[in-house]
Every structure is written in C-alpha cells, then in structure tokens.
C-alpha cells in the first residue's frame, strides 16, 4: 500500500497551527495569563518562530501520514484522530510537570488547550 500525502495540505496545516498560536498567546487572548504563569517577559524572536514552524511541519506531516495510513477522508474523522493524538500523546506528556514539578494546573490547561485546538484544526484540514 502506497501512502499519498498532500504536501500543500501539510504546509497549510502547519501555517494554521502558527496562526492559532499567534492568537492564542496574544495580548487579546491568553498571552498575559501565560506570561504571568511562566514569568516570561520577552516576545518570540524570529528564530523561535522559524523553529516553531519547523515543529508545526513535523506534527502536520505525521498527522497526514497516520491519517493517510488509516484511510481518513473526512473532516470529522480527521478531527477524531487529532483528538486521540492529543489525548494519547500531548495531554499525557504535558500533565507530568503538573504532577511532579508543581507546574500550575492552569498553565497545563492553557498550553494543552492550545494543542487540542491546533490538533483538531490541523487534523481536520488534513482529513478533508
């Protein structure tokens, strides 16, 4: 079985992930809360954004690979795969610092909520 990946859709999903992150962590939404909880004072540099985009591409490519392997062809099925990836890999690994390092649960919810939304959008776009 040959797996077909639409590279344009992978790039689009990665761009959407960056756009969601821009708004999620902006001063209009959760940026001030995130800065307070993390004690970060600076804004992202050009290199940070570049590396963030590379990470977004890797995530989008793997989502596309697994969705193609599973034969996903609808937005809702794609979003379900994204939810399962978030639950199985993201939420479970991000809860560790809350349990063992006393990271604020609110920070977990903020960061994990972003990842959930971005995984749902990316996997939905890829599944379409």
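Observations
- Pairwise centroid distance, computed over Cα atoms, of segment 7-65 with segment 85-128, Å: 13
- Taking a quarter of the surface of the Cα convex hull of segment 59-128 gives a mean projected area of 4.3 nm².
- Relative contact order %, segment 3-102, counting alpha carbon pairs below 8 Å whose residues are six or more apart: 37
- Highest-MSF residue in the chain out of 82, 31, 46 [GNM, Cα springs under 10 Å]: 46
- Highest-MSF residue in the chain out of 24, 100, 86 [GNM, Cα springs under 10 Å]: 100
- Net lengthening on full extension, residue 5/residue 29 (0.36 nm per residue, minus Cα-Cα): 5.3 nm
- Orientation-averaged projection of segment 7-127 equals 7.6 nm² [convex hull of Cα atoms, one quarter of hull surface area].
- Cα gyration tensor category, rounded, prolate or oblate, for segment 31-89 with a/c compared to 1.5: prolate
The numbers here are math on the coordinates, done by the rules we state, and not lab data. Just so it is clear, the model here is predicted, and its values are computed rather than measured.
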